[in-house]
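What follows is calculated from the coordinates using simple rules that are stated; it is not laboratory data. These numbers come from a predicted model, not from an experiment. Ideal geometry is used to build each Cβ from the backbone, glycine not excepted, and the neighbour counts take in all protein chains shown.
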Amino acid sequence: MRWWSVISLMVLLSGCGSQPLRTDTVPLPAGAGTVLSDESAYVRDQLLQQYRQWQGVPYRLGGNTAQGIDCSGFTQLTFDHRFSVGLPRTTVLQSSAGEAIERQVLQPGDLVFFKTGQKLHHVGVYLGRDEFLHASTSRGVMVSRLDNRYWSPRYWQARRIDGLADGCCSR
């Protein structure tokens, strides 16, 4: 009778490892979705490299290191390290940087902003294909989807910052 309990437990536990990947936390394959320009592909590649380097770093309000980072610190650091572009430190200041753009014309590297509370805002970097990279308060640095049931109703605005693809592509 004991062997039956062991087999039942093994079958039950094997189901835990077969969960489908969640598209709100995993970047889509490079070939999926729309075709990107050379500049957009370069920016997306740089952002995905940043993601691989920082994935899972925990959220910490005011943080800007691998021990903990907040959303605006992560966007500031990403733009500085990957594109040598300076951004203001806070989400409020970043929300007026660059040029305001409509959601339907988002390109990789655009900042996307969300209203998460009465006076609270969140920022991430658009990756293309309806994904954005950000430092989540609950799961640290991660990739989410704009159409996610949490983020979609909280979407506020987007801003385009010049200079991200400077020098990336031969003309």
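Simple rule: put +1 on each Lys or Arg Cβ and -1 on each Asp or Glu Cβ in segment 108-171, find the dipole, and look at VAL125, SER144, ILE161; the Cα lying farthest toward the positive end is SER144.
Between LEU93 and ARG149, the distance separating the two model label sites (each 7 Å from Cα on the Cα→Cβ line) works out to 3.8 nm.
Where a ≥ b ≥ c are the square roots of the eigenvalues of the C-alpha gyration tensor, would you call segment 87-152 rounded, which needs a/c under 1.5, or, failing that, prolate if a/b is larger than b/c, or oblate? Here segment 87-152 falls in the rounded category. The local environment of LEU164, defined by Cβ-Cβ distances under 15 Å, has a net charge of -4 under the rule Lys, Arg +1 and Asp, Glu -1. Counting only other residues whose beta carbon sits under 9 Å from that of HIS122, what net charge do I get with K and R as +1, D and E as -1? Net local charge, HIS122 excluded: +2. Length available on full extension from CYS168 to ASP38: 0.36 nm per residue minus the Cα-Cα distance, which gives 46.0 nm. Shape of segment 41-171 from the C-alpha gyration tensor: rounded (a/c under 1.5, with a ≥ b ≥ c the square roots of its eigenvalues).
Would you tally the net charge around PRO88, using a Cβ to Cβ cut-off of less than 13 Å, leaving PRO88 out, and scoring K and R as +1, D and E as -1?
Summing Lys and Arg as +1 and Asp and Glu as -1 gives +1.
Got a sec? Which residues in segment 46-68 would a label at LEU120 touch, if it sits 7 Å along Cα→Cβ and we count backbone N under 16 Å? Residues 59-63 fall inside that zone. Per residue, the average separation of C-alpha pairs within less than 8 Å and at least 6 apart gives segment 68-167 a relative contact order of 32 percent.
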